[in-house]
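Here's the structure, in structure tokens; my notes come after.
The values are calculated or read from the model by the stated rules, or taken from the named source; none is laboratory data. Here the structure is a predicted model, which means the values were calculated and not measured. Here Cβ is always computed from backbone atoms with ideal geometry, including for glycine, and neighbour counts include all displayed protein chains.
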């Protein structure tokens, strides 16, 4: 199994995020990546530096205006400084425009004003996606790791080729033009678009604790990418507004989006049972390639988890993905208990042993 990561992905070091009205210490810290690196090294898997693919793969998923914002927001934010007025230490929104959530609109028009204050409110959907001085470089290189993994799978002749992207920052909450939930660009969606260069049908299976709302939005009107998400019931859990079973897709995409919301407190058996149901639907779709959005914030002791999944469940996920026999790109998503995510990745990989030998 080939794996990809750039040290530039460590440069993003958020200093704050809002939780229940309180500014908190960040949970998406560089130590997460270090823990995952150690787990890979323990299995003899070397991380390769991804090539610099530029912005082109990102523009297959995200609007150019949004990417322009991400690339230059911090410098423009700092330029607001003047006597008697100091902007905050990171770019964070202090307003948010009304968005009606119409599914017949694949994306919004660009922000109608050049004001950095207005654009922060337009393109940053909440207070958990701050932009600092090196954030854009990390965001770009995280996406490049996903592209490199997808390109690797496209190049492999083995029908069961697999590659892993240690993507950090994560991406599955990122919409086509909005950063939310620690996510800025949608690495899993970018990987899926890259796979479509060789494969005609791709599925994205998301097993993070949170609904992959950005991935859903990006592919909601399409039939060439099926999106399936297992996640904690969003009625009392982030992202709250999406992730319900009645969200099936729109237009040509109707029937190609499936959500499996899980009761809070779900343990291994319930999680794997729901996964088996999801995989039945995936097999009916018959994808030629798969993106697995792999999160470990389902873990029982994760600081933001409401599920009670143990390490054995991650082994079970790996075994089931191996049994599919489909070329697969594994894209790392959440998981914030630093001491646990390494063992969680190791358990997952142990289920993939036949595929990675």
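Being assigned to a loop (DSSP other than H, G, I, E, B) and within 27 Å of residue 153 (Cβ to Cβ) is the filter here; which residues of segment 298-322 pass it?
Selection gives 298 alone.
Can you go through 245, 293 and tell me which one is in a loop (DSSP other than H, G, I, E, B) and within 22 Å of residue 180 (Cα to Cα)? Quick ask: steps written out before the conclusion?
Details: 293 fails: in a loop (DSSP other than H, G, I, E, B).
Answer to the check: 245.
Is it fair to say residue 87 is surrounded by 13 or more Cβ atoms within 10 Å (Cβ to Cβ) and modelled with pLDDT of 95 or more? It is true that residue 87 is surrounded by 13 or more Cβ atoms within 10 Å (Cβ to Cβ) and modelled with pLDDT of 95 or more. Filtered by the rule that a residue be in a helix (DSSP H, G or I), farther than 19 Å from residue 201 by Cβ and touching a strand residue (DSSP E or B) at 6+ places or on another chain (Cβ under 9 Å), segment 248-271 gives 268, 270, 271. All conditions in (1) surrounded by 23 or more Cβ atoms within 10 Å (Cβ to Cβ); (2) in contact with a helix residue (DSSP H, G or I) (Cβ under 7 Å, 6 or more places away or on another chain); (3) over 19 Å from residue 160 (Cβ atoms); (4) touching a residue at least 40 places away in the same chain (Cβ under 8 Å) hold for residue 314, with the sole exception of (4).
Scanning segment 145-160 turns up one or more residues that are surrounded by 15 or more Cβ atoms within 10 Å (Cβ to Cβ), closer than 21 Å to residue 181 by Cβ, at pLDDT 95 or above and touching a helix residue (DSSP H, G or I) at 6+ places or on another chain (Cβ under 9 Å).
Scanning segment 119-137 for residues that are surrounded by 23 or more Cβ atoms within 10 Å (Cβ to Cβ) and under 26 Å from residue 196 (Cβ atoms) yields a total of 1. Only one of these conditions is not met by residue 46: (1) in contact with a strand residue (DSSP E or B) (Cβ under 8 Å, 6 or more places away or on another chain); (2) surrounded by 17 or more Cβ atoms within 10 Å (Cβ to Cβ). Which number is it? Result: residue 46 passes all but (2).
Sub-7 Å Cβ pairs linking a first residue in segment 250-273 that is on the phi > 0 side of the Ramachandran plot and in contact (Cβ under 8 Å) with a residue 40 or more places away in the chain to a second residue that is assigned to a loop (DSSP other than H, G, I, E, B) and surrounded by fewer than 19 Cβ atoms within 10 Å (Cβ to Cβ), at least 6 apart or interchain, are 251/221; 265/308, ordered by first then second residue. Residues that are at pLDDT below 95 and farther than 28 Å from residue 29 by Cβ within segment 325-357 comprise 325, 353, 354, 355, 357, listed in sequence order. Of 291, 306, all but one fail to be buried (at least 24 other Cβ atoms within 10 Å of the Cβ), within 30 Å of residue 17 (Cα to Cα) and at pLDDT 95 or above; the exception is 291.
In segment 156-235, counting only strands (runs of 3 or more DSSP E) that sit wholly within it, the ones holding 2 or more residues that are within 21 Å of residue 6 (Cα to Cα), in contact (Cβ under 8 Å) with a residue 60 or more places away in the chain and touching a strand residue (DSSP E or B) at 6+ places or on another chain (Cβ under 7 Å) span 162-165.
Which of the residues spanning segment 323-342 are in a helix (DSSP H, G or I) and touching a residue at least 40 places away in the same chain (Cβ under 8 Å)?
In the first step, residues of segment 323-342 are kept if they are in a helix (DSSP H, G or I); the result is 323-324, 338-342.
Scanning segment 323-342 gives 324, 338, 339, 340, 341, 342.
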